[in-house]
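These notes concern the structure reproduced below.
Laboratory data are not the source of any read-out in this text; all were calculated from the coordinates shown. Being a predicted model, the structure only gives us computed values, none of them experimental. A quick note on method: Cβ atoms are made from the backbone with ideal geometry, for glycine too, and the neighbour counts reach across all protein chains shown.
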Amino acid sequence: MGEIRPRCIIIVHVKNRSAILALVAAGSLWGVTVALSKLSLGWLDPSWLTSLRFLVAAPILAAIGRRGLRRALTPRILASGTIGYGAVVLLQNVGIDHTSVSHGAIIVGALPVVVALVAAALGTGRARALVWVGYAVALVGVVLVAKGGGGGATTSGDMLVFASVVLSGAFIAIQPNLLRGRDAAAVTAVQFAAAELVSLPVALLGSPLPHGPATPGPAVAFIALALVGTILPFWLFAYGQARVAPEFAGAFVNLEPLVGAVVGWVAFANPVGVWQIVGALTVIAGILISLRPPEVAFGLPRLQRAIVAALDGARRP
């Protein structure tokens, strides 16, 4: 019996490894979408950017997950897509258009805390004290990174981004139940289609049909946003969510403002200083603290097991 437990632990770790890699990739790709969205907004307004983004992505994901579409086509999944993707991305696009990068980064950095709070309220998750410490450390890092952002922030823009964060936090908390026993690509495709049904009427009522871009740059940015910034990260995040706790998955969202800031520093020549570098390292430290397994936290359980083993050995003749 003593040999079975280590094998189980190894199996769990292997399963979590693929989920962690998927979540890391998703969070990193989302960081690139901030810059791609900014470039695309030079051609499309926020509502059309949201609608066309899902219009391109949904059929491709549906083709990938076609075998699981029947199980994914449920009222709950459709409803979750209208709010978790349609409303969230629409609010976020409008907010980004009316606030600064620094304010947006700070607000998005609060998403893991929102996820943990919603999961605790719903009874689907219970974050350990060490996880909350990691969240706090990462949030401090996000604030330091965001100090290098530009101006142009408005209260209305900040509130719209925050509203998207709250809705996204609730969506991430309930998503594992929707994914259970279903194909992640199929579920995401159905949710994208539902998001399109919400965002298209908003775009049609809010503004005329978009014309072709004046230069190819915004069009290239939009194609990259729809393919690399939408299909891959949402699919990978759904894959990871189906295999870990909600608050665990939420920790990786902190990669979005971090990668977004790095892209701004490298590709857009945004100013970077010592505090931004310290902040980036702090975000990484916070994520690592949040992911630290309870059995190795501070080494106490290992010490307890060693003491118990020593006592058992002493009792034997």
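Annotations
- Using the Cβ-Cβ distance between SER156 and SER207 with R0 = 30 Å, the FRET efficiency computed as 1/(1 + (r/R0)^6) comes to roughly 0.95.
- Net length gained if the chain between ARG66 and LEU288 were fully extended (0.36 nm per residue, minus Cα distance): 76.3 nm
- Mean Cβ neighbour count within 10 Å, used as a protection proxy, ranking 249-261, 155-167 highest first: 249-261, 155-167
- Each peptide in 87-95, 194-202 was scored by the mean count of other Cβ atoms within 10 Å over its residues; highest first, the order is 87-95, 194-202.
- Here r is the Cβ-Cβ distance between VAL266 and ALA214 and R0 is 25 Å; the resulting FRET efficiency, rounded to 0.05, is 0.45.
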